[in-house]
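Heads up: the structure comes next, in C-alpha cells.
Coordinate-derived values only; no laboratory data. All of these numbers come straight from a predicted model, not from anything done at the bench. Cβ atoms come from the backbone with ideal geometry, glycine included; neighbour counts cover every protein chain shown.
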Amino acid sequence: MLLHYRAEIDGLRALAVIPVILYHAGFSSFSGGFIGVDVFFVISGYLITSILLKELANDTYSLNVFYQRRARRILPALFFVALMCIPFAWLWLPPKDMLDFAQSLSSVSIFASNLYFLSESNYFDIEVELKPLLHTWSLAVEEQYYVLFPLLLALIWRVRKQAITPTLLILAGLSLYFAQWTVYHYPKAGFYLLPTRGWELLIGSFIAMSAFKGGLSHYIKVHFNGPLSLCGLGFLLASIFLFDKHTPFPSFYTLLPTVGTALIIMFATKGTLTNRLLSNTGLVKLGLISYSAYLVHQPLFSFARHRSLGEPDLSLMVALGLASFVAAYFIWKYVEQPFRKSTSPEPQAKKLLILGTCIVIAFFAFGMAAILTDGFTGRYNKQQLANYNAATNTNFKWQGCNFDSCTSNFSADIVLIGDSHAASLAPSLSTAFSSSLETFEWHTNPNCPPLMDFYVSNTQSDQCSRINKGRRERLDSSDAAEWVILSAQWSLYSSGKGFDNLLGGHETGAMNYYYQDISNNRRASQKREEEVVNGYIEYVSQLLGVGKKVIVIDQIPVAGWNIPNRYLKLAQLGELRDENFRYPLLVYQQHTAALEKFRSLTHKNLYWAQPKQILCKDQSWCNTSQLPKLLYNDTNHLSKAGADIVAPVVIDIIQAN
C-alpha cells in the first residue's frame, strides 16, 4: 500500500530541480523557477510521513533509526559539496564575502542556515546570487521540521490516532495564515522560517495519511485521475512561467505549485498521461540525482559570478548548469549511494557519527577563524587591503527619529533628512559645517525617504510614514531650522526597481515598497512612479510653504557593482584602472528619467544639488573610483571618500545664499 517505488515521483523531482537551476542561472522566462523548492517540500512531507506511518502501524517505529536514515540521506553529499567550496572561496572571495561564507558554513552544519540567511539577505536580492550556500536554507527548514514532526506524530498516534488529521489540519491552517500575513509585513522571515513553510510539508503529510487510509479512491472515480494529474502539472508549469520575484511568497499564491504537486502525487497513476510523461527514463534519471544537482548548482553559479567582472555570459551559465548534473551524477554514485545503501553494524555507525561530528567542529573552527581574521585578510596585499577597508568601513550615521515615533525637536540651523544615502553624507557634511557659524544635525532612517504615506514591507512597515509625519510637524513649528536638506535614493522608491548599469552591475537591497496603501503591490508601474513623484513634490512644497529653505540632493549615481569587491577582483586580475569602474552617463539618465517632473519644481527658496556633476563630470561616464580611492561603500552608498567630494556641492549652495 505504501512506499512501493514510484518512478513518476523521481520525474517530479527532476521537474522541480530543473526550473530552480534555470532560475538561478538567470533565465528570465523561468521567473518562477524558485517554486521547485516548494515541490520538494511537498514530496519530502509525503515520503517521510509514509515511512513513519508504516513504522508506527507495524510497531517498528524508532526515532534513532529515523534520524540515522535522515543523516545518511542528507549529510554526506551536503558535507562533501561544502568542503569542495572552501578552496574556491579561499581563492576568490573578498574578506567580507569570505566571512559571510564561513559563517554560513557553520550554520549549514547544524541546519540553521535559514536563520543565518534571515539575518543577512532577502532571497530575491541580486546580492544573494554571490552566496555559495544560500540554497541550503531549504534543507534547514526540512530538517527542523523532521526534528519536531516525528515526535508529534508518534505522540498523537499513541494518545488518540483519530486526532492526527484534525491536529495537523489546524497546524497547517495556522501556518498558511501566518505565511500570508508575514509576507506583507516581515517578508524575509516569511520566506526563510519553518512556521511559514511548515504547511507545505504538511500537504505532503496529508497525502501520505490519505494513502494510509486507502486513498481517495472511495470518493473520486479512477477515470478522473488523468484530468486531475494533468491539472496538477498545469499548476506547476503556470507557477514556473507566471510567478516572479515580486510574487508574494510564501502565501496563498504558493497553493498553486503545492496543490499542483499534491494532485500529481495522488492522481498520476499508471495509465495516465502525466504518469507516462514523468516516468520518462531521462527525467527519472535526473530525478535520482536531483538532490546532488540542487546542492552543487548554486556554488558553481556563485563562484562564476564572483570570478567574472560582469554578469557571466548565458552560455557559461548553461555550461555550468549542465556541469551541475555531471557533478551530481558522480556525487550521487560515489557519495550518496554508498552511505544510503550501507548496512553498517553499530560500531561502524559510531565511526560515521564521530566523522560527522569532526566535520561539524571543523566547519565551526573555520567560521571562528574567519571571524578572528576578518575574513582571512592575510590573503591580500597590505595596501590593497587598506584601500578596501577604507571603502568598506561603514560611513552611515543614524541620528534623530527612532522607528516608533519622532519626538526629536529641531534646534540646528541646518537639518539633513533622508534615508541611508543621506546617512552616508552626514559625517562629511557635519565635518564641513563644524568650522562654520551654522549648526547642523541630521535625522536619517534606512529605507525611509522624505515622503508621506509610504510603507516598507519589512520590520518598519508603516513606521516610515509615522516618522515623516512627526518630523514634518516639528519642522513646521521650528523657527531654528532655516535650511532643510533632503537626500534619498529617489528612483528606487518611485520605480520599485534596483539599478542595472548594463555592464554586469545590479543594485542590491531593493525591498517591497508601497505608496499610500500597504496592500497595493504595484511595485513597478508608470502610475506608481507618478504617484510617488507627486508625493515628493508635495513634501517639498509643504516645507517651502512654511518658509524653509530647501536643498534637494538629486539622485546620487548608483554604482551597480559592489565597488570594494570589484576592486579586489580587478587587483587579482591585474586590471586596476579607473575605466573599469565606470558606466555610461546615459544609463544614469534613463534610470532617473521618471524624476523629471520632480526636478522641474521651482521656488525662490528651493535649490538643487547635483552629485552627477561631480561623479559624472566628463559628461560621458559615471565614475565610481578615483584610484586608489574607492567612492562607494557597496553597490549604491557613497564611501567616506565619495561623500567627501559630494558634500561641497551642498556647502557651496548654503554659503552662496
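Under the shape rule built on the C-alpha gyration tensor, where the axes satisfy a ≥ b ≥ c, the stretch 143-248 is oblate, since a/c reaches at least 1.5 while a/b does not exceed b/c. Amide H to amide H, with H built 1.01 Å from N, Q626 comes under 5 Å of L631, counting only residues 5 or more places away or on other chains. Net charge dipole, the chain: roughly 2300 debye, given to the nearest 20, about the Cα centre with Cβ charges of +1 for Lys and Arg and -1 for Asp and Glu. Starting from the Cα gyration tensor of the stretch 21-126, take the square roots of the eigenvalues, sort them a ≥ b ≥ c, and report rounded, prolate or oblate (rounded when a/c is under 1.5, otherwise prolate if a/b is larger than b/c, else oblate). Oblate shape, in that a/c is at least 1.5 and b/c is the bigger or equal ratio. Couplings 3J(HN,Hα) of the stretch 425-430, computed from phi: 8, 4, x, 5, 5, 4 Hz, in residue order, whole Hz [Karplus 6.51 cos²θ - 1.76 cosθ + 1.60, θ = phi - 60°; x for Gly and Pro].
For the stretch 435-450, putting each phi into the Karplus relation 6.51 cos²θ - 1.76 cosθ + 1.60 with θ = phi - 60° gives couplings of 9, 9, 7, 6, 9, 9, 8, 9, 9, 10, 9, x, 6, 9, x, x Hz, in residue order, rounded to whole numbers and with x for Gly and Pro.
Amide H contacts of F454: S465, Q516, each under 5 Å away and 5 or more positions distant or on a separate chain (H built 1.01 Å from N in the peptide plane; Pro and chain starts excluded). Computed from label points 7 Å out along Cα-Cβ, the spacing between I361 and L91 is 3.0 nm. If the chain linking T269 and M84 were pulled fully straight, counting 0.36 nm for each residue of separation and taking away their Cα-Cα distance, it would gain 62.6 nm.
Note on the stretch 7-379: with charges restricted to the Cβ of Lys and Arg (+1) and Asp and Glu (-1), its dipole about the Cα centre is near 1140 debye. Count the DSSP beta bridges whose two residues both fall in the chain, then state the antiparallel fraction as a percent rounded to the nearest 5. Antiparallel bridges make up about 35 percent of those DSSP assigns within the chain.
Can you classify the stretch 518-657 as rounded, prolate or oblate using the Cα gyration tensor, where a ≥ b ≥ c are the square roots of its eigenvalues, rounded means a/c under 1.5, and otherwise it's prolate if a/b beats b/c and oblate if not? Cα axes put the stretch 518-657 in the oblate bin. Over 30 Å between C-alpha atoms is what I'm after, so list which of K188/K612; K245/K549; K96/K351; K96/K188; K131/K617; K469/K604 land there. Distance filter (> 30 Å) returns K188/K612; K245/K549; K96/K351; K131/K617. When the Cα positions of L352, V65, Y192 are compared along the charge dipole of the stretch 7-379, V65 comes out farthest toward the positive end, with charges on each C-beta of Lys, Arg, Asp and Glu. Projecting the Cα atoms of G367, P257, I331 onto the charge dipole of the chain (Cβ charges, centred on the Cα centre) puts I331 farthest toward the positive pole. Remark on A609: its backbone amide H falls under 5 Å from those of V552, I553, D554, a criterion applied only to residues 5 or more positions apart or on other chains, H modelled at 1.01 Å from N. In terms of surrounding Cβ atoms within a 10 Å radius of their Cβ, R6, R158, R13, R471 rank from fewest to most as R158, R6, R471, R13. When the helices of the chain are scored as -39500 (n - 2.57) per DSSP H run of n ≥ 4 and the total is divided over every residue, the value at 222 nm lands at -19000 deg cm²/dmol. Our summary gives the stretch 7-379 a relative contact order of 33 percent, counting only alpha carbon pairs under 8 angstrom and 6 or more residues apart.
For a straight C-alpha distance cut-off of 16 angstrom, the aspartates and glutamates reachable from K382 (same-chain residues fewer than eight places away being disregarded) are D374.
Look at the dipole of the chain built from charges on Cβ: of W561, S44, L503, the Cα furthest out on the positive end belongs to S44.
Ordering I240, I417 from the fewest to the most neighbouring beta carbons within 10 Å gives I240, I417. When only Cα pairs below 8 angstrom with a gap of at least 6 residues are kept, the stretch 565-657 shows a relative contact order of 27 percent. For the stretch 247-262, 3J(HN,Hα) computed residue by residue from phi via the Karplus equation (6.51, -1.76, 1.60; θ = phi - 60°) reads 6, x, 8, x, 6, 4, 4, 5, 4, 4, x, 6, 5, x, 4, 4 Hz, glycine and proline entered as x.
The mean sequence distance of close C-alpha pairs (under 8 Å, at least 6 residues apart), as a share of the length of the chain, puts its relative contact order at 15 percent. Segment S62..I537, full-extension length gain: 164.3 nm, with 0.36 nm per residue of separation and the alpha-carbon distance subtracted.
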